Every structure is written in C-alpha cells, then in structure tokens.
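Each value in this text was obtained by applying a stated rule to the coordinates, not by laboratory testing. As the structure is a computational prediction, the values presented were derived from the model and not from experiment. Every residue, glycine as well, gets a Cβ built from its backbone with ideal geometry; the counts of neighbours run over all protein chains shown.
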Amino acid sequence: KTIYLQDYTPFGYIVDDVHLTFDLAPNATRVTSRIAFRPNPDAEDTRFFLHGEGLTLISARINGEEVDPELSPEGLVLDVPALPFIWECEVEIDPANNTALEGLYMSNGMYCTQCEAEGFRKITYYPDRPDVMSTFTVRINGDLPVLLSNGNKGDSGEAWAEWHDPWPKPAYLFALVAGELIAHPGTFETCTGREVELNLWVRPGDEGKCAFGMDALKRSMRWDEEVYGREYDLDIFNIVAVDDFNMGAMENKGLNIFNSSAVLASPETSTDMNFERIEAIIAHEYFHNWTGNRITCRDWFQLCLKEGLTVFRDSQFTADMRSAPVKRISDVIDLRARQFPEDNGPLAHPVRPESFQEINNFYTATVYEKGAEVIAMLRRLVGDAAYAEALDLYFARHDGQACTIEDWLKVFEDVTGRDLTQFKRWYSQAGTPRLSVQDDWDDAGTYRLTFTQSTPPSVASPSPQPQVIPVAVGLLAPSGEEVAETRLLEMTEATQSFDFTGLPERPVPSILRGFSAPVILEREVTTEERAFLLAHDTDPFNRWDAATALARTTLNDMALHGAAPDPAYLDGMCRVLGDDGLDPAYRALMLALPGQSELAAAQADAGHRPDPMAIWTACETLRQALAEQAAEMLPALFEACQVTEPYSPDAEQSGKRALGGALLALLTRLDGGARAEDQYAKADNMTLQLSALGQLIRAGKGDAQVEAFYDQWQGDRLVIDKWFMLQVVQSTPDQAASVARKLTEHPDFNWKNPNRFRATLGALAGHHAGFHAADGSGYSLLAEWLIKLDPLNPQTTARMCAAFQTWRRYDSDRQALIRAELSRIAAQPGLSRDTTEMVTRILGS
Ligand code: ARG
Ligand code: ZN
C-alpha cells in the first residue's frame, strides 16, 4: 500500500496526556496505557483508529467501561464518545523474540526501544503519527538495577521507577531502557545556570570507553547555546549504548539510544575516524532536541525538516571543532559516494518524497545529506545574518509544533522578503542537476560565464524544471594570483550568463567553490588548467577537487583506453605531498583516489559500459606509479607523520596519522611490507594498528597479524567488527566474495547483529570490483544473506538491497545476473514490505 503526501489529514483526536506502565518480562511484558483523548476541532475525520502491530490485547476500556474494538493487523477501530474520554488498555508483547529491533526489544539481556519511525505501535495501541503530541508519564516495574525513560526522574523504589516528560512529544520519541548498566556520569551548567545531570550508560566492561562521548556531549550542549541560542530543557540527559541497533543512534527525548559503535571509544580500540564520527553523531542526536523534538514533523514526508537541518547543524559543529575545509571535502566525498548514485538511479526521490510504502526505506542519503545541502544553499543565498534571524524566528514561531517544509521556508521568506517558490524545487524534485559551463573573453576586459543546467528525468520526477543554483566563482590570473574574489552567482534560468568586467587578461575560473550546490559540474577542462588550479586555487575545496578531477580523468583514460598514468597528475601529487604548508589531513584527502563506483558512474554518464576489473586495475597502476615517482620523498614524509605525543583524537594528530596511513599504503608497494610490519608491532592505538594490518593484508603478507589481531581483540565486539570488515575491504577482487563467504562461516559471525552483518556483507557490497566480480559470486552471496535476514530484520535487509541500485550501469551479463538475484529475493514467500518495496523500485516496472 502506497501512502501519499497529498492525502494528509489531521487525526480526529487530541491526546492530552499519556500514562504508561511496563511490567517487564522477556517473553511477556505487560504494557498498560491510560490516555486522555478529546475530539480535535480542526479535524473532519472523526474515526477513532489506533495503530497497533503484533500486540496481544488483554483488555480495553473507555471511561472505565470495558469495550470491544474491531482489530486488524494494523490496529483497532472503535466508536467513541464525541466528548473528552479516557482510553485504558492492556497489551502483552514479547521483547525477547523481537529480532526486527523495532519497538521494545532485548539486546544482551537489556531492554531497549527504537520507535522512530513507526515502532511505538509495536508497544501499545496509539495514534502513532508525529503530529499527535503529548506529555508522557511512565512507570517501569522490573527487577533490574537501571530503569530509564524520557524526561525527568519521578519516584522510584525497589524494582520500579517513574519518569515524567513535561514536553509534549510524538510517540516516535518515546524510549525505555532497563538493564544492568553502569553510568559514566557528568554535569552541565546551562547558559542560564541550571545544572543538568548527564549519564552515559554502558554494559559492565565498557566503562573505559565513555570519556570521549561525555566530553563530546558537553561540547555539543555548549555549542548549541552559543551558535543557535538553544538551551537544554530537562534536569537530566541520558545516553545509552546498545549493541544491537539498526541505525546509528536515536534522539529520544532526554534518553538518546546509540548503537555502541556510534558512542563507545578508546584510543586502543577506536580509530581517529571512529572518534570523529562519534563526536558528530553525539552532536547530531543532541541537536535534535530542538530541531526534531521541540519542533517536530507533521508527517513522515517532512522527515528532512528535522534530518536535513540537524545534519547541517552537526556539520557546522564538526567544522568548528576541527578543520572546516577538511569537513567540507569529507562531506562532498560522502555525498558523491552515497547520494549521487541514489539520485541518479531507480531509487531517486525528492528530499521531501511524495509517496512511500515503508518509511524506513526513506532514511536515505537524499533526505539526510542532500537535505543538509539544501539548507547550506539557502544559507549561502540569504547570508549568515538572515539565516540566524530566520532560525530564531523558526524556534520562536514553531516551538511545540509539528511542522512542514512550507513552515520552514516561510520563516526565510518572512525574514528576507524573498520568494522561495522556485527554491522549493530542491525539496520536490529528484535528480542531480548537471551544470555545464561555457566561457568567453573579449579584449575589452569582460569575461563571461554561461551556465546551462539540466536534470535527468527520473521515475520520481519525469520533467524536472530549472533550479535556483548558487554558484560560487572566483577568478585567477594566469600568473596564479586571484583577480576576482569569490562571488555568488545566483542561477535561476535553464541557461544564464554572468559577466566579470575590467579584467586585464583572460582569467582561469574556479567554479562551484566550496561545492556551493549539490550538482555535477560538466566542463571540458584541460589537464593543464586542472593542474594550474591544483597548484594555485585559493579555495581549498576546489583545489582538492582539481586533484580528484585529474585523478578521475586519468583513471578513466587508463580503464577505458589503456592510457598510461597522466604525468600531470603524478607531478601535481608529488608537489602537494611535499608541500609542508598544507595541513596533513588535507594532503591525505588530496592523495585519496575517487571511489571506484564513482568512476563507474562517470563512465556510464559518458556513455560507456564500465568494467569494474579495468577500473580496479587502473587504480592499482596509478597508485604504483605514484609510489614509484614519489619513492625518494616518501620515507622522510612518513617519518614526519609520526606522532610522538600521547594519543589524542584531535584534528591535528589524526591528520598526521591520516597522511601517515596514505603514505604507508604507497610505501608498502615499495618496501614489501617492512614498515607496515614494524608499525603493526609497535602500534599502541587502533588507528595505527588497523592501517598497518590493512596494508599487510593488501600486500598478501598479513596472515600472522590477522590471527594475532583476532586473539588480541576476541573479547571486543566493536574491534572484531573491524577485523571482519578489513579482511573483505583489503581483499583482491577475485577473492572478495570467497573471503566474505568464509567469514560468514566463522563462529563469531553473529548475523543477527546488524553491525556484524554490515561489517561483512556491507563491506563486500562496498568492494566495487569484488562485488561486481564477473562470475556473479558477489551478487549471489549478498542475495543469499539478504534472503536469510529478511524474516528476522526487514529494516537492515531492505537498506542493504541498495547495493544493487546501480545495476543498469553495467554490461548485459552483469545486468542479467543481478536481475536474477533481485527476482530471487522478490520471489521469497512472505518477503517483508520493506524489502519488497526496495527490490521492486530497483528492478523498475
Ligand atoms: N532519527 C535518527 C537519526 O537520524 C534515525 C533513526 C531512524 N531509525 C529508523 N529505524 N528509521 O538520528
Ligand atoms: Zn537525525
């Protein structure tokens, strides 16, 4: 069944208050609810329908009178009085057998919940929709030392505790946790002097992995006060780490629940990248307290209202905490790797989708990351001051409400007087715009840039219209000096020209600085010009992008036409590498090659059939050529990247280690693994240990270390996830599927745990040449496991189907193999709604 945005109607009843009592038992938890309803004067539809799935109804009462509602697999309906009334209901649920990890479930003996988007209906009967908001009071009865829910603490006693959340919230923000947990405590004094109790709750044994998360939380709380004027609004803020979790984390009011991989960290067990990700996710979930919780979404079509904005806010936070250019580049790498394929394939959908079957399938890179890009564009267009004013107005006007994208855009219109009608297409239109550029020079000193935009049609948007595209442009003189500082061109037409006057000579343009819009720039640029920008551009993003463009061009020439590595790329890279004036983290990004799937996309865009093996070989050849050309400078550079101070995950140290890791990869091609062995033996932190192990595996010399690593870390689930993943990631294309298959036979391959499943099969899906091995072994292994997982955990299964979304890029043999696997999945009896929707969309009509 498909649900449409245009069909929205408000619920017929208002909920004034919710009381819930949980009597916890693994197989038979009793949930008793007492809910005050009254008719909604703004609603036409007065049908009393409560969502409820997989519940055993024990009793139901209206105003104390026993009633007999009509039950269906989706919920219940009942005739109710046209006056305020009290609904009381008792249901039984089975958390121990809840393998979907949605609703109330158990993980390692601990009770926990995940209600977004539609999980609360698996806990009790309720109008489980985000526009129904209420205060909640919760009593938990259970013989466990720690009993948590949302809001502030109420009374408690032996084996029971009460919680009260004074802020009205939708049911998707409900949370409950109960178990043997240990608190890593902290306190925070808010800007108005209120003291907030903070706790990070973990399983015994994980106490040593809490300090960083707690610190990141405090920095997030301070930052939101200082930058957005947002103060925390309860007496307590709890975070709980859970091992079995479908996503990264969840912003439940006052009780955030995290995948343990997204919060637990220590130098010995976590990489620099883990630390950075954890800092960002803690900030993200905390920032939801205002953008998501205090102001929530009217319906799930508006998901980007909270997610796009909160991703944008967490990226601002990371940029402030670390290096802004490095963060911007990392975000664009991620956008190109995950969002562009989505936006240019069968799963394309607008940032605000207009229909869905299963909302969990729309927690996508488009809604999140493109949603954040849209806000970044809006901010660029209106300016920083107007953005700040608009946000103040948003918080003032909509606090306590469930809102839409129209509400969001209206505050910007009211503050700036701008008409955002055309800009709104960024929310309603799918597909990545292509921006082509032509330039002209006249000898009177005028330089003219003419842009043409076009967005490929998709199922979701068959006839796309021109977008508002902010194009940041700067101009450089042939000497390398900047002759025109960054200027923001506002493109609104399909084709549009912009003039730069009074120039002494024809300039070299630097276009789309800072990646000012999420588009694909199509411009014929000579290798010389790219090399020039790589050497001289003052915009760090475009300077980096010149490097990736050089790499992309030479790799595609190599893969498609058997060309040799471009000397311009190799020379440029050697210069960058040796430039001590450049931040090591930035140099490491420069050194990274474009993703192989991204290269395949570029080839397909240009009308070729990408050959994954040829792309892999081109990348190997180019790395080898760079290693050889840079051979003399590498050892000293590598030496300079060694950190002598005690480990810290800060930007400076992690930048050095990132560059060191990239250099080690080059050096291992020359020294046969001597340095990697040495680094592995001496490593006292996971970043160095793992990068050394990766290079050894890649060089085919890591057998002993692979075994030693396992023995050393056997007791640590998060590190063993890395062990699973690394072996797949570093395998050769012909081995990837068999390595992954072998790992699925390992006794530690606990496939019901989403982290372990993703570490193994997700890693295979991300190994471009391995996954697309010509014999279809990658496809069939993934399909086999998706078929096995679907009955237990539809959400994680459905997400991973996206690995097949690019199938039409490839040759007819691969297409036939993939089509067969997708059809095999689709034919499974009882296939979940989640997976059915994904497979159907990927296959197309
Ligand atoms: N709101 C969460 C976040 O972005 C994501 C939770 C989504 N979970 C889900 N099962 N759809 O922070
Ligand atoms: Zn979020």
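Side notes on the structure shown:
- Size of charge dipole - the stretch 513-665 - debye, nearest 20, with Cβ of Lys, Arg +1 and Asp, Glu -1, no other charges: 240
- Rounded FRET efficiency, nearest 0.05, which uses the C-beta distance separating Asp734 from Ala816 and R0 of 22 Å: 0.60
- Peptides 8-16, 542-550 ranked from most to least packed give 542-550, 8-16, packing being the mean of other C-beta atoms within 10 angstrom over each peptide's residues.
- Cα-based radius of gyration of the chain once divided by 2.2 N^0.38 Å, which approximates compact folds: 0.96
- Counted residue by residue at 0.36 nm each, then reduced by the alpha carbon distance between them, the extension gain from Ser436 to Ile3 reaches 152.2 nm.
- Modelled label positions at Glu652 and Thr446, each set 7 Å beyond Cα in the direction of Cβ, lie 5.1 nm from each other.
- The stretch 787-845 versus the stretch 255-314: alpha-carbon centroid distance in Å: 29
- Spin-label pair Gln422/Arg34, simplified geometry with 7 Å Cα→Cβ offset, distance in nm: 5.9
- Pairs from the table (Lys1/Lys122; Lys209/Lys722; Lys701/Lys722; Lys218/Lys722; Lys722/Lys752; Lys1/Lys410) lying more than 23 angstrom apart at Cα are Lys218/Lys722; Lys1/Lys410.
- Set the Cα radius of gyration of the stretch 86-238 against 2.2 N^0.38 Å, with N its number of residues, and you get 1.11.
- Each Lys or Arg adds one and each Asp or Glu subtracts one; over the other residues with Cβ under 15 Å from the Cβ of Glu628, this totals -3.
- Formal net charge of residues neighbouring Asn542 (Cβ-Cβ distance under 13 Å; K, R +1; D, E -1): 0
- Its Cα gyration tensor gives the stretch 330-402 an equivalent ellipsoid, and the semi-axes of that ellipsoid, as √(5λ) in whole Å with the largest first, are 27, 18, 9.
- Each other residue within a Cβ distance under 12 Å of Glu90 adds +1 if Lys or Arg and -1 if Asp or Glu, for a net charge of -1.
- Nearest-20 debye value, the stretch 389-469 charge dipole, Cβ charges on Lys, Arg, Asp, Glu: 380
- Residue (of Ala549, Leu786, Gly562) at the positive-pole extreme of the chain, dipole from beta-carbon charges: Gly562
- Residues whose amide H comes within less than 5 Å of that of Lys169, counting only those at least five positions distant or on another chain, are Ser134, Thr135 (H built at 1.01 Å from N in the peptide plane).
- The packing ranking of peptides 486-499, 334-347, 42-55, highest mean first, is 334-347, 42-55, 486-499, where packing means the average number of other beta carbon atoms within 10 angstrom of each residue.
- Packing-based ranking, highest mean first, of 759-765, 613-619 given that Cβ atoms within 10 Å are counted: 759-765, 613-619
- Calculated on the Cα set of the stretch 461-576, radius of gyration then Dmax: 15.8, 46 Å.
- For the chain, a crude dipole built from +1 on the beta carbon of Lys and Arg and -1 on the beta carbon of Asp and Glu, taken about the Cα centre, is about 1340 debye to the nearest 20.
- Helical contribution to [θ] at 222 nm, DSSP H n ≥ 4, -39,500 (n - 2.57), averaged over the chain, rounded to 500: -12000 deg cm²/dmol
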